[in-house]
Each structure stands twice: as structure tokens, then as C-alpha cells.
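The values are calculated or read from the model by the stated rules, or taken from the named source; none is laboratory data. Remember, predicted model here, so these are calculated numbers, not experimental data. Don't worry about glycine lacking a Cβ; one is built from the backbone with ideal geometry, like all the others, and counts go over all protein chains shown. Note: areas computed on protein heavy atoms with side chains; ligands, DNA, RNA excluded. Shrake-Rupley method; radii C 1.70, N 1.55, O 1.52, S 1.80 Å.
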Amino acid sequence: MEKPSSSGRAALEESKGLVEDVGVLRGAEGGEADHHTPRKSSSSRSSRKSFRLDYRLEEDVTKSCQDKHGRWTNPWPTWRFPSYTTLLRFLLWDKNHSNIPSSKELLDSELPVMEPYFVQSPDLSESGPGLRVTWLGHATVLVEMDGLNILTDPIFSQRASMFQFLGPKRYRGPPCTVEQLPRIDAVVISHSHYDHLDAGSVAGLNQRFGGELRWFVPLGLMDWLTKMGCENVMELDWWEENCVPGHDDITFVCTPAQHWSKRTAMDDNKSLWGSWCVLGPDHRFFFAGDTGYCSSFQEIGRRYGPFDLAAIPIGAYHPRDMMQGQHVDPEEAVQIHQDLQAKQSVAIHWGTFALAYEYYLEPPARLREALEQKGLKPESFFTLDHGESRLAHEELGI
């Protein structure tokens, strides 16, 4: 990897707070890894109960792995971390085509923020639908399935940063507050980047729900949640399973994703990243979190598919030489939808923060084109307005 000049290095350091989630911080590549040796269990997880749904599952699945420094690595040939040359070009010379309007009226017409149904009519929030999804912006969705309310990667703050005066700022605000949410039984976290693990939102959820709320996180994040005061935290490796107390018929599985992690100057890839499967008696839900395309989505589809609903990212993908390893584009998102054998998918990770350089309305347009090219119906992989809800299979007539 080429090293930048001292001035380039200074520019990189100054930009750290602004680019946490676009894969541009030194150290995320990791070193040589042993892809065949499973990680040893930690004492902090020794009392965990694990559930196995299918004993016929093949053993040669993609295991999580660490390098000789104990940092997690991506085991796929599709993983590429940008060189310093690519990084500096992105920071200093690549053209930003996002063109987000400064006019609130234009944004309101193009990307409306709706008041969620549970804010309009709180008495209906306990109605118990079969499978309903509400997009709350970026990668935050509320999923109600089989009597359980699940929240993914919650961020209700204005900025994706350790500070609320610096870092990527929302151009579409959250459609509700933590206080306006219905009952939440479980939260799943995909990784440690600030736009997916937000301290203010975690604190607010913990203050409201306390020990009644179950947190599901990848390896390495339990201590962080515990320090935030969260009591009921379950830390899992890829392919490990657990459930919410009192809901033993719904299983949460931590599954692979191709990404990386970082929150501070010294914790590069010290915590694992992943996707999540939620497997109920009547429905199955998949949350991709934040990921580049890799072969593990085929593995997940074979082991746990078909899914009734998948939440798959479609944004923050340009320029490709910078983003390809860590963020899928809409065409790759459709491929994940097919790999998972998903009956329907909802688009996430777009329309909220400007984390990359594609035009801000391009992701849903390219998604529609990709579906058409694959001969898939538009309703099979849909977008929602901020705050909008949809019953799964409603438009499919299932």
C-alpha cells in the first residue's frame, strides 16, 4: 500500500471524524489470518445458551477469523480495502455528485418524512400483525413479527459521530423519537460504526426499556453496551444463535457480512461485524446491516432461507474503487435478495446521511432498473418513505 506524503497524512487525520463509515481509516485491512481455525470462546460468553435449528447443516461454512494481532478480518477474495492513493483521491479530488438540495420544500417532496402509524395512533401499536416493517431512516427499521418488536441499528441522533457538532449530518430527520416508539423487545446491532451504533440512541433506549430490552451484538461489543448501562446483552459469533427470554420460538442468528469496524483511533477491527437472521414460527427476517457483496449470502440463503422479508442496503456506493469492498450498489443488493431467497426486501442505508458521492436519488432509481433487468417485480424489493410502514407480502397478494 502506498503511503501518502506528510501533508496527505495530515489531511487524512483531519478527516477521520467525517468518514468513519466509508472505509477510509488506516488499519482496517488487518493482517494475515487463519481462515480455518475457529475462534476460541471467551469467558464472558461461557454461560450463553445456544440453539441449533437444523443439525443437518454443513460444517464447511465461512467462519469468523482474526489476524495475529487479534483483529477481525474478512475471509473472502471480494474484500478490498482502499489504498492510500484511492483514499486521498476520494478525500481531495473525487467529485461529489450527491447534490442534496438545500431547500427543505424540495426535500420534503422528494423524500418525505412521515409520522409513523404508532405515533398517529399509539393504541394500534399492539395490534400484532403477521410481519410489518417501518423504515425509520438509514439502517434503522422496526420489524414486528410473530409477536416480537425488533429494532435494527437504531440512530435517532442528528449526526453519525461521537460529537453532535461534527461529522455526517442527517439531511432527513428521524420520523419519531425514542420516546414515541412502541414497545421494543430486541435490538440487533450490525457493527460499531457511528451511523449504526449511536451512543445517544442506545442511552435513550436503555433509559426507556432497561432490562426488558434484549440487545444482540457481534463479538467485541458487549463491554461497550455494558458500559452504557445496558443489562441484557447477548454477544454472538457468526452462526451462533440465541433468543429473547420468554420468546423461545423466535431465534436470532448472527451471520456473516463483509465490512469492518472502528470507533476510536486504537480499536480498528477489534469488534466483529455481521448480519442477522430472525427466525420465527411463522416468519423469517434478515437484516444485512452494512456490507459489501460476498459469497456468504448464498450460504445464509441455503441455511435459513427463504426469508419473508430482508432489509438490504442500497446506498453509499460511489466511487466504486473506494466503496466496493464494504458497500453494495443496487445491482449487488438485488443479487443478495436473490441469494437469500427473499420473498420481499426493503431498501435501507440510503436517503438519510450523505456518506458517499452518488446522486442522492440515484439508489432507488438504479434499484428499479436492476429489478427490471432481472425480471423481478418492483414490489419484490421496495423502498419506503421515512416513517412509512408496510405489511410484508401485502402487494404480492400472499
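Got at least one residue in region 258-270 being aromatic (Phe, Trp, Tyr), out of contact with any strand residue (DSSP E or B) (no Cβ under 6 Å at 6 or more places or on another chain), within 23 Å of GLN338 (Cα to Cα) and open to solvent by less than 10 Å² (accessible area, probe 1.4 Å)?
No, region 258-270 contains no residue that is aromatic (Phe, Trp, Tyr), out of contact with any strand residue (DSSP E or B) (no Cβ under 6 Å at 6 or more places or on another chain), within 23 Å of GLN338 (Cα to Cα) and open to solvent by less than 10 Å² (accessible area, probe 1.4 Å).
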* Based on what the data block shows, is LEU391 more than 26 Å from ALA160 (Cβ to Cβ) and either open to solvent by less than 30 Å² (accessible area, probe 1.4 Å) or among the aliphatic types (A, V, I, L, M) (or both)? -> yes
* To do: Answer yes or no: is there a residue in region 370-379 that is within 15 Å of ILE314 (Cα to Cα) and buried (at least 23 other Cβ atoms within 10 Å of the Cβ).
  => no
* Asked: Applying the selection to region 79-97, what residues are under 19 Å from GLU358 (Cβ atoms) and open to solvent by 60 Å² or more (accessible area, probe 1.4 Å)?
  -> ARG80, ARG89, LEU92, TRP93, LYS95, ASN96, HIS97
* Could you give me the residue pairs with C-beta distances under 8 Å whose first residue belongs to region 167-194 and is in contact (Cβ under 8 Å) with a residue 60 or more places away in the chain and within 13 Å of PHE216 (Cα to Cα), whose second residue is among the acidic types (Asp, Glu) and open to solvent by 10 Å² or more (accessible area, probe 1.4 Å) wherever it lies, and which are 6+ apart or on separate chains? => ASP185/GLU212; SER192/ASP267
* Criterion: open to solvent by 20 Å² or more (accessible area, probe 1.4 Å), closer than 24 Å to ILE189 by Cβ and in contact (Cβ under 8 Å) with a residue 40 or more places away in the chain - qualifying residue of TYR293, TYR304 -> TYR293
* Structure fact -> Here the qualifying pairs (Cβ atoms under 6 Å; residues six or more apart or on different chains; first in region 117-133 and at pLDDT 65 or above; second part of a loop (DSSP other than H, G, I, E, B)) come out as PHE118/SER125; PHE118/PRO182; VAL119/CYS176; LEU131/HIS283; LEU131/ASP308; LEU131/ALA392
* Asked: Failed condition for THR226, given (1) open to solvent by 30 Å² or more (accessible area, probe 1.4 Å); (2) out of contact with any helix residue (DSSP H, G or I) (no Cβ under 8 Å at 6 or more places or on another chain); (3) in contact (Cβ under 8 Å) with a residue 24 or more places away in the chain, with all others met?
  -> (3)
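Matching residues to (1) of a type in the set (A, V, I, L, M); (2) touching a strand residue (DSSP E or B) at 6+ places or on another chain (Cβ under 8 Å); (3) more than 19 Å from ASP290 (Cβ to Cβ):
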site: ASN149; (1), (2), (3): no, yes, yes
site: THR152; (1), (2), (3): no, yes, no
site: ILE155; (1), (2), (3): yes, no, no
site: SER161; (1), (2), (3): no, no, no
site: LEU166; (1), (2), (3): yes, yes, yes
site: THR177; (1), (2), (3): no, no, yes
site: VAL187; (1), (2), (3): yes, yes, no
site: SER192; (1), (2), (3): no, no, no
* Which residue out of GLY220, GLY246, GLY204 is of a type outside the set (S, T, N, Q), over 19 Å from the mean Cα position of the chain (by Cα) and farther than 18 Å from PHE156 by Cα? -> GLY246
* Asked: So which residues in region 163-181 are assigned to a loop (DSSP other than H, G, I, E, B), modelled with pLDDT of 95 or more and buried (at least 20 other Cβ atoms within 10 Å of the Cβ), if there are any at all?
  -> ARG172, PRO174, PRO175, CYS176, LEU181
* Structure fact -> Within region 271-290, restricting to residues that are within 26 Å of ASP146 (Cβ to Cβ) and of a type in the set (A, V, I, L, M), the one that is surrounded by the fewest Cβ atoms within 10 Å (Cβ to Cβ) is LEU279
* Any chance region 56-75 includes a residue that's within 29 Å of ARG302 (Cα to Cα), modelled with pLDDT under 50 and not acidic (Asp, Glu)? -> yes
* Matching entry among GLU231, GLU299 (being surrounded by 18 or more Cβ atoms within 10 Å (Cβ to Cβ) and either assigned to a strand (DSSP E or B) or more than 18 Å from the chain's Cα centre (by Cα) (or both)) -> GLU299
